[in-house]
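Reading through the C-alpha cells given below for one structure.
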Amino acid sequence: WAQTADGSPWIGVSCQTQGADLWWPVKDHPSDRPDSLAISITVPKGLVAASNGKLLGTRERNEKTTFDWFLSTPINPYNVTVNIAPYVTISDTYISTAGDSVETTFWVLPEDEAKGKELFPQFIEQMRFYEEMLGPYAFRDEKYGIVHTPYLGMEHQTIIAYGAGFKDGALFGQHSDYDDLMHHELGHEWWGNLVSVADWKDFWIHEGITTYMQALFTEQRRGMDAYFANMQYFSTMIDNRQPLAPRESRSAGQMYQGRDVYYKGASVLHTLRYLVGDERFFTILRRFAYPDPKMEAITDGSSMRYSSTEEFRNIAEKHGEMSLDWFFEVYMYQPELPELVSMVQGDNLILEWVTPGNLTFNMPVEVVVNDISAKITFIDNKAVVPISVTGDYEIDPNHWVLRKKR
Ligand SMILES: [Zn+2]
C-alpha cells in the first residue's frame with residue numbers, strides 16, 4: 001500500500017514465499033493450479049486496476065469502476081495479483097517469432113510516463129531474445145503485460161511487476177547494461193510459468209535457468225568475454241549449504257535460504273554447456289521449454305507443464321547425447337563442490353577430481369599448454385596432460401567448470 005506523487009493510492013500484491021492463501025481462499029500448492037480465473041476489482045473512479053489475463057470490460061456505478069479480468073490459462077496461485085493506481089498505459093502490438101500478434105501493455109504511473117516510454121523498447125527487445133532462444137511466449141492469446149509496482153518485481157503471469165526505478169542493472173550493477181530486473185521477471189514466463197516445478201525442491205529450474213538467461217543476454221549484447229565475466233560474478237555468490245535439488249520435498253521458504261537456486265543453478269548450466277557443447281546445449285534449453293516442437297504453436301498457455309530436475313536430466317541426456325547421472329549426483333543432489341587437484345610429475349600434469357564419497361566425476365577440463373588449448377578427458381576421475389619441458393600450463397582459464405576454489 002503506497003502512494004503516488006499526488007497522494008493517490010498505489011497498491012500491489014506479491015506473495016510467493018508467504019503463499020497466496022494469505023489473501024484469497026486457495027489450494028496453495030505448486031503441483032495443482034486453477035485452470036482459469038475471473039478477477040473483478042472495484043476501485044474509486046479515476047483509479048485503474050490491472051491484473052492477469054485479458055480485460056473483458058469495465059463497469060461504472062456510484063463513482064466506482066469495476067475492472068473485469070479473465071485469465072483462461074492455468075496459473076500458479078502465487079502469480080495471481082491485483083495492481084491499483086491512477087495508471088496510464090503504453091501499448092503496442094508485438095509480433096511473436098511464431099507470427100502471432102501479442103498485445104503488449106505497460107501500466108505506468110502518470111508521473112513516470114516519459115520514463116516508461118523510454119524503457120518500453122527494452123521490453124520488446126527482451127521478449128524477442130527469449131522467444132529466439134527458447135521458443136514463443138506461451139501466453140500470446142492473453143497479453144504481454146507489465147505493471148509499475150511499489151516493490152522491486154515479480155513474475156506475475158501476463159502482468160509482470162516492475163519496480164526497478166527505470167534503472168539498468170538494478171540486480172547486478174555494472175555487470176548489466178540493460179534492465180536486468182525486467183529481464184529476470186520476463187524469463188519466468190518460460191521458467192516458472194510455462195515450465196513449473198511441482199515441488200519447491202526443484203526451484204532452481206525457475207530461478208537458476210532464468211538467472212543463466214541473463215548471462216546469455218549479456219553474451220548476445222557484448223560477447224563472450226562479458227559472458228565469462230558475468231558467470232564469474234555469479235559464481236562468487238554460491239553457498240553450497242544444501243543440495244541444489246534436494247531429493248525430498250521442500251517449501252518455498254526453505255529453498256530461498258541462500259542464493260544457490262539462482263547462482264549455483266546458473267553456474268551448473270554454464271558447466272553443462274561446456275560439457276555437451278553449444279549446439280546440444282541450446283537444443284536442451286529449447287526442448288526443456290517445449291519438449292515437443294509442436295507445443296510451440298499453442299497460443300493459449302495450455303502448453304504449460306509441471307517439471308522436475310529428473311525431467312531436465314532426461315531431456316539433457318537425450319539432446320546432450322550422453323549419460324549425465326554422474327553430473328547430477330555431484331552438482332544437484334549433494335551440496336559440496338568437486339575439487340580439482342593438480343600436480344606436476346616430470347613432464348606431466350596429473351589431474352584428479354576429488355568428490356564427496358568418491359563420487360564418479362569424469363568432467364572434462366580445458367587445459368592450455370604453450371598457448372594450445374585442449375579439452376582433457378578423465379577416466380576414473382583422473383587425467384594426465386603432457387606439458388613438455390617449459391612446464392607452461394593453465395587449467396580452465398575461462399572458468400567453465402564449477403568447482404571448489406582453493
Ligand atoms: Zn526470480
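On the accessible surface of the stretch 195-331, probed at 1.4 Å, how many percent belong to carbon and sulfur atoms?
C and S atoms contribute 48 percent here.
With a 10 Å cut-off between alpha carbons and a GNM built on the chain, which of 277, 116, 169 moves the most? Highest fluctuation among the options: 277. The fraction of all Cα pairs in the stretch 188-268 landing in successive 10 Å bins from 0 to the largest distance is 20, 47, 27, 6, given as whole percents.
Cross-link reach is defined here as a Cα-Cα straight distance under 16 Å, omitting same-chain residues fewer than 8 places apart; for residue 264 the lysines meeting it are 201, 404, 405.
Helix 204-222 and the longest principal axis of the Cα set of the chain meet at an angle near 80°.
Within a Cβ distance under 15 Å of residue 101, other residues only, what is the Lys/Arg minus Asp/Glu net charge? Before the final figure, lay out each step's value.
Details: positive: 54, 128, 140, 143; negative: 92, 100, 103, 131, 141, 142, 300.
Around residue 101, the surrounding residues sum to -3.
For the stretch 339-395, what's the relative contact order in percent, using C-alpha pairs closer than 8 Å and at least 6 residues apart? Worked out over the stretch 339-395, it gives 36 percent.
As an equivalent ellipsoid, the stretch 314-386 spans semi-axes of 25, 16, 9 angstrom, where each value is the square root of five times an eigenvalue of the C-alpha gyration tensor, largest first.
When the stretch 195-331 is described by a simple charge dipole with +1 on each Lys and Arg Cβ and -1 on each Asp and Glu Cβ, the residue from 275, 251, 214 located farthest towards its positive end is 214. When you work out D = kT/(6 pi eta Rh) for the stretch 24-120 at 20 °C and 1.002 mPa s, using the Kirkwood radius from C-alpha pairs as Rh and the Stokes-Einstein form, the result is 141 µm²/s. Global size of the chain: 23.3, 90 Å for Rg and Dmax (C-alpha atoms, Rg to one decimal, Dmax whole).
Would you kindly give the portion of the calculated P(r) for the stretch 151-194 that falls above 18 Å, as a percent of all Cα pairs? I get 24 percent for the Cα pairs in the stretch 151-194 exceeding 18 Å.
Taking every C-alpha pair closer than 8 Å and separated by at least 6 residues, the mean separation divided by the residue count of the chain gives a relative contact order of 12 percent.
The values are calculated or read from the model by the stated rules, or taken from the named source; none is laboratory data. This is a predicted model, so every value here is computed, not measured. Neighbour counts are summed over all protein chains in view; Cβ atoms, including those assigned to glycine, are modelled from backbone coordinates with ideal geometry. Only protein heavy atoms, including side chains, enter the accessible area calculation; ligands, DNA and RNA are left aside. Shrake-Rupley method; radii C 1.70, N 1.55, O 1.52, S 1.80 Å.
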